[in-house]
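The values are calculated or read from the model by the stated rules, or taken from the named source; none is laboratory data. What you see is a predicted model, and the numbers here were worked out from it, not measured in a lab. Cβ placement follows ideal geometry from the backbone for every residue including glycine, while neighbour counts extend to all protein chains displayed.
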């Protein structure tokens, strides 16, 4: 009895394994369902050739056309400054910006006038003595030609030189008197102010930094690829004065949260390529940047950061390929007449934010696949979403017509 109790668990386990084995070897075979390959549905757009005007997007800083540092050529105390002699102040050509004390220069003029009068007197006296010397020579009955010294020609030349020197000194002090009024050389604006009323200045001391306001310039960098899309001037020796009609440009700036635009034109390029970025810089000129306009836009400020669109070349007979149609590494897929996918590698001429412009390798009327199918093989059969939508629409109309006949 004891032996049976010990063997009973072993018998139960053995019986369970035997039943499991019988069930395993007699399991029913799985039924295979026939596989039906699913046809891929894609969306397409029809390719159309077009002429595309290129816009070069770049950015830069507004800079003045002409910058001048005003420096006095005389010394003295500043006794008056213009009301507009402040950073940001405007002025017109010939406006007096600074007045220097002229008392010393007026006294110098009187002294120079006295010196000139004395020199003229000496010259006339010497002239009279020279005439008297000629008369004396004739009275003596001398027949030979008298020497220059006898005729007092050297003395007369010295007196003439004294007159010329006195006149030059008078002109110099009169010019210094005019220089006590520092006048504007052109229509401009004060960029920096270095002196003010009551300050003593000397030749070489900077008074202010000013800039011209007839137009401003924007220095814009462009890449080598962008350079090939713009008709830029080529400067050759001896042709610097050759007229150049540069492309138009639109300059944009955000001021006070509002976006404003100014029209400009490319006027020249710089004579070197930036070594770090390999970019060349073009200069866009904007006329009358401080003139009031009907849209009440603010004036362009020196140092203002701006963006610009420069008109480039017109690409003729090109195809705009949406970026969503690119399957990778400049590869696209088109659907042929048999509704099969065909891979093509494109050569991109130009890129925009949304499209790639292609000229070669594509044909007008081709159906461009815009559905992303990176793993689809060449010649894969597809369905066009437009055909399915058209069939559904016709079927809906057919059912609707049958309903009306009933």
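Every residue, every condition in (1) loosely packed, with under 15 Cβ neighbours inside 10 Å; (2) in contact (Cβ under 8 Å) with a residue 12 or more places away in the chain, yes or no:
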{"position": "99", "(1), (2)": "no, yes"}
{"position": "114", "(1), (2)": "yes, no"}
{"position": "125", "(1), (2)": "yes, yes"}
{"position": "128", "(1), (2)": "yes, no"}
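The residue that is nearest to residue 49 (Cα to Cα), among those in the range 340-360 that are touching a strand residue (DSSP E or B) at 6+ places or on another chain (Cβ under 6 Å) and either outside any strand (DSSP E or B) or at pLDDT below 85 (or both), is 359.
Can you name every residue in the range 274-329 that is farther than 23 Å from residue 216 by Cβ and part of a loop (DSSP other than H, G, I, E, B)? Result: 275, 276, 277, 278, 326, 327, 328, 329.
Among what's in the range 140-171 and is within 60 Å of the chain's Cα centre (by Cα) and in contact (Cβ under 8 Å) with a residue 40 or more places away in the chain, pick the residue that is surrounded by the fewest Cβ atoms within 10 Å (Cβ to Cβ).
Within the range 140-171, the match that is surrounded by the fewest Cβ atoms within 10 Å (Cβ to Cβ) is 165.
For the range 366-375, check the following and say yes or no: at least one residue is loosely packed, with under 12 Cβ neighbours inside 10 Å, part of a loop (DSSP other than H, G, I, E, B) and more than 32 Å from the chain's Cα centre (by Cα). Yes. Within the span defined as the range 203-224, every residue fails to be part of a helix (DSSP H, G or I), out of contact with any helix residue (DSSP H, G or I) (no Cβ under 9 Å at 6 or more places or on another chain), free of Cβ contacts under 8 Å to residues at least 12 places away in the same chain and exposed (fewer than 15 other Cβ atoms within 10 Å of the Cβ). For residues in the range 26-85 being modelled with pLDDT under 90 and in contact with a helix residue (DSSP H, G or I) (Cβ under 9 Å, 6 or more places away or on another chain), which is farthest from residue 332 (Cα to Cα)? By that ranking, first place goes to 41.
Within the option set 233, 247, being out of contact with any strand residue (DSSP E or B) (no Cβ under 6 Å at 6 or more places or on another chain), over 23 Å from residue 191 (Cβ atoms) and crowded, with 16+ Cβ neighbours inside 10 Å holds for one residue only, 233.
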